[in-house]
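*Asks:* Take this structure, written in structure tokens, and hold onto it; I'll ask about it next.
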Amino acid sequence: MQPSIPVLGIAPCSENLPSGKATKPGDILTAMTGKTIEVINTDAEGRLVLADAIAYAKKLGATQIIDMATLTGAVSIALGDVNTAILGTDQVLIDKVIAAGKSVGEKFWQLPLDPEYTNQIKSDIADIKNVGGKKAGTITAAAFLKELPATLHGPTSILRARPGATPAQPYRSKGPTGIAVRTLIEFVETTARQNGN
């Protein structure tokens, strides 16, 4: 597409393959930012690589970070297959992404990210835990990702969105459909137009 503004894409990927080197409950890991993480749930391994990816993007100079990842199945319980959850640290960025989604037929619903949710991921033996319990699972997962890059310098807006499976529509098949791809393209094109490019 060759947009007229710089766009950086990072794909943090991991496989959940048990082995003798797999994480175990009680393990303490050190993130790229230097913060320590207590592993409570070994099924929350994706957010460990996502946290480092966000920190890496920030290190490369990203000033607005839009992270599209499954994050947690808990959001499907709350929102089903109609809306995609969105959480973030910059309301202006959130509003722009929601507007971009609306213009291309992808619905986003903002969930809160109040500072109090971070209390659920506090650890007695590390800086934070990788899960915050059953309550507000999607929100505490976003709080986890918000906490790790916060130690890096420089302004960064971090936005979290959870794509999901969707019912069939005239313009898309049933099941996982890459929700938010059209939104991201629209967001980039709109941002380029607003910057006069």
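*Asks:* Every residue in the stretch 127-144 that is farther than 16 Å from G73 by Cβ and among the hydrophobic types (A, V, I, L, M, F, W, C), please.
*Replies:* Residues satisfying the conditions are I128, A143.
Rundown of residues vs (1) free of Cβ contacts under 8 Å to residues at least 60 places away in the same chain; (2) touching a Phe, Trp or Tyr at 6+ places or on another chain (Cβ under 8 Å), yes/no style:
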{"site": "D95", "(1), (2)": "yes, no"}
{"site": "F108", "(1), (2)": "no, no"}
{"site": "Y117", "(1), (2)": "yes, no"}
{"site": "Q120", "(1), (2)": "yes, no"}
{"site": "A126", "(1), (2)": "no, no"}
{"site": "G132", "(1), (2)": "yes, yes"}
{"site": "K135", "(1), (2)": "yes, no"}
{"site": "L145", "(1), (2)": "no, no"}
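*Asks:* Report, ordered by the first and then the second residue, all pairs with beta carbons closer than 8 Å, sequence separation of six or more or different chains, a first member in the stretch 49-67 that is of a type in the set (S, T, N, Q), and a second member that is part of a loop (DSSP other than H, G, I, E, B).
*Replies:* Every condition considered, the pairs that remain are T63/G154; T63/P155; T63/T156; Q64/D90; Q64/T156.
*Asks:* Same structure, new question: With the requirement that a residue be more than 17 Å from the chain's Cα centre (by Cα) and crowded, with 16+ Cβ neighbours inside 10 Å, what does the stretch 8-23 give you?
*Replies:* T23
*Asks:* Let me ask something additional. On the basis of being among the aliphatic types (A, V, I, L, M), modelled with pLDDT under 90 and in contact with a helix residue (DSSP H, G or I) (Cβ under 7 Å, 6 or more places away or on another chain), does I158 make the cut?
*Replies:* In short, yes.
*Asks:* What's the number of the only condition in (1) open to solvent by less than 30 Å² (accessible area, probe 1.4 Å); (2) within 22 Å of I121 (Cα to Cα) that G26 fails to meet?
*Replies:* Unmet condition: (1).
The values are calculated or read from the model by the stated rules, or taken from the named source; none is laboratory data. Not measured: the values here are computed from a predicted model. We place every Cβ from the backbone using ideal geometry, glycine too, and count neighbours over all the protein chains shown. When the accessible area is computed, the model is the full protein with side chains, heavy atoms only, and any ligands, DNA or RNA have been set aside. Shrake-Rupley method; radii C 1.70, N 1.55, O 1.52, S 1.80 Å.
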